[in-house]
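The values are calculated or read from the model by the stated rules, or taken from the named source; none is laboratory data. This one's a predicted model, so the numbers in the text were calculated from it and none came from an experiment. So basically every Cβ, Gly included, is an ideal-geometry build from the backbone, and we count neighbours across all protein chains shown. The protein model used for the area step is the full one, side chains on, heavy atoms only, and it has no ligands, DNA or RNA in it. Shrake-Rupley method; radii C 1.70, N 1.55, O 1.52, S 1.80 Å.
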Amino acid sequence: MDDDELQRPEHGPLAGFTVGVTAARRADELGALLQRRGAAVLHAPALRIVPLADDSELLAATKQLIDQAPDVVVATTAIGFRGWVEAADGWGLGDALLARLREVELLARGPKVKGAVRAAGLTERWSPASESMAEVLDRLLEEGVDGRRVVVQLHGEPLPGFVEALREGGAEVVGVPVYRWLPPEDLGPVDRLLDATVSRGVDAVTFTSAPAAASLLARAEERGLLPELLAALGHDVLPACVGPVTAVPLQTYGVDTVQPERFRLGPLVQLLCRELPARARALPVAGYRLEIRGHAVLVDGELRAVPPAGMALLRALSRRPGWVVPRADLLRALPGAGRDEHAVETAMARLRTALGAPKLIQTVVKRGYRLALDPATDTKYADA
């Protein structure tokens, strides 16, 4: 083992941060990716998916397509296309559906969808490398859609402007609803995530589908928490979306989101690994570098778990680093502490123990406490 390996921190880049996961599908995969990088994960599926074989609308749309051949079929997601074929098999219509799809112009949105198409024994006419529905739309409009019948495999998410642009071009557009999103049967996890978000108990919330984002916003509105949720997502809690379509419901409310360049779970996690540490407050205190994360602190790169009461005190002290914070102000910062200032002393003792460096926080007799900001940086934070 070389020196670099000996000095490498044992914690991951997301250690000390808590990330909310709203995904219903592939949630385990996303959660595992986050946990492997050190994050604590709060999973709250904001949706559930109706099984395909139970969806009468899909059956009706499938029969209509078989009976009346379209000019173009657009496959938009790999899971949706595979599910459509599997559901048709279950209804005894699989062979008829595949036969019809072999006769039409079949477009696949990106490599993953193309793989699903070919796995079904079909060959797509064309597929964009970009996985962009905008590029699919451009191709269709360049070909001309006036008088053509275009079937679009829907996947539970909005396609902003896509269907409208085709209809304006003269096309008859038929949507095939491959699966349906519904609110979760158990709203408990969603409510816990909402409470954690508005109280800043999470550092980021991830969204992998537009319906999940819309569902969380709708539940917040039902509970009267929508203004608080929007305030949290607008300032302290990072909303991270897998792509621009997923972000649409949040953007409708004026919430800015971050998105990876490639619309995949891996790049989404990599984005969080960059963004969250960059947002953490780092201060030079008593000869140490103190980095304050969601539920832990890095002291010269060493991860220190801190209890919630201690984190509340540390955040209150860090808002004006180097300045004395009165005990009364610190008491108000403590969750559920009541009126006894002794609670501040108890929580402060535990905080110092957790940090492993008692001199980081100084007691100012009869006044309160202060972070022992290094003298050379006092001026920088004097007006903070």
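How much accessible area per residue does the chain have, in Å², with a 1.4 Å probe?
48
Counting each DSSP H run of 4 or more residues in the chain as -39500 (n - 2.57), what helix-only mean residue ellipticity at 222 nm follows after dividing by all residues, to the nearest 500 deg cm²/dmol?
Theoretical 222 nm ellipticity from helices: -13000 deg cm²/dmol.
Cβ neighbours within 10 Å, averaged per peptide: list 97-109, 163-175 in order, most packed at the top.
My ranking of the peptides, most packed first, is 97-109, 163-175.
Sequence-distant or interchain residues sharing an amide H contact under 5 Å with V205, placed H: which?
The answer is G20, L238, A240.
Using the charge dipole of the chain (Lys, Arg: +1 at Cβ; Asp, Glu: -1 at Cβ; taken about the Cα centre), state which of P307, Q270, S130 has its Cα farthest towards the positive end.
Going by the Cα projections, it comes out as P307.
Express the carbon and sulfur contribution to the solvent-accessible surface of region 194-235 as a percent, rounded to the nearest whole number, probe 1.4 angstrom.
Solvent-exposed carbon and sulfur of region 194-235 make up 51 percent of the total.
Sum up the lysine pairs in the chain that clear both bars: alpha-carbon distance under 28 Å and a spacing of 8 or more or different chains.
4
Starting from the amide H of R180, placed 1.01 Å from N in the peptide plane, find each other amide H under 5 Å away whose residue is 5 or more places distant or on another chain.
Hits under the 5 Å cutoff: V50.
Please turn the phi angles of region 308-321 into ³J(HN,Hα) values with the Karplus equation 6.51 cos²θ - 1.76 cosθ + 1.60 (θ = phi - 60°), one per residue in order, whole Hz, x for glycine and proline.
x, 5, x, 5, 4, 5, 5, 5, 4, 5, 6, 5, 10, x
From the phi of every residue in region 29-40, what ³J(HN,Hα) in whole Hz does the Karplus formula 6.51 cos²θ - 1.76 cosθ + 1.60 yield, where θ is phi - 60° and glycine or proline is x?
Result, rounded to whole Hz: 5, 5, x, 5, 4, 5, 5, 4, 9, x, 6, 8.
Using the Cα atoms of region 139-251, I'd like the radius of gyration and the largest Cα-Cα distance, Dmax, both in angstrom.
Cα only, region 139-251: 17.8, 54 Å (Rg, Dmax).
Quick one: what are the phi-derived ³J(HN,Hα) couplings along region 96-105, Karplus 6.51/-1.76/1.60 with θ = phi - 60°, whole Hz, x for glycine and proline?
Result, ordered by residue: 5, 5, 5, 4, 5, 5, 5, 8, 10, 7 Hz.
At 0.36 nm per residue, minus the direct Cα-Cα distance, what do L141 and S199 gain on full extension? Give it in nm, one decimal, please.
16.1 nm
Relative to the longest principal axis of the chain, what angle (0 to 90°, nearest 10) does the C-alpha long axis of helix 133-143 take?
Between the helix axis and the principal axis of the chain, the angle is about 30 degrees.
Taking all protein chains in place and a 1.4 Å probe, what share, in percent, of the accessible surface of region 237-384 do carbon and sulfur account for?
Here carbon and sulfur together make up 52 percent of the probe-accessible area.
Taking amide H positions as placed 1.01 Å from N in the peptide plane, with prolines and chain starts having none, which residues 5 or more places from G175, or on another chain, fall under 5 Å of its amide H?
Under 5 Å from the amide H of G175: V152.
Could you state the angle between the C-alpha long axis of helix 265-279 and the longest principal axis of the C-alpha atoms of the chain, as a value from 0 to 90 degrees rounded to the nearest 10?
30
Over what distance in Å are the Cα centres of region 71-136 and region 189-238 separated?
35
Hey, of (i) 85, 52, 36; (ii) 67, 44, 38; (iii) 81, 42, 40, which did the structure itself give for Cα extents along the principal axes in Å when calculated?
Recomputing Cα extents along the principal axes in Å here gives the entry labelled (i).
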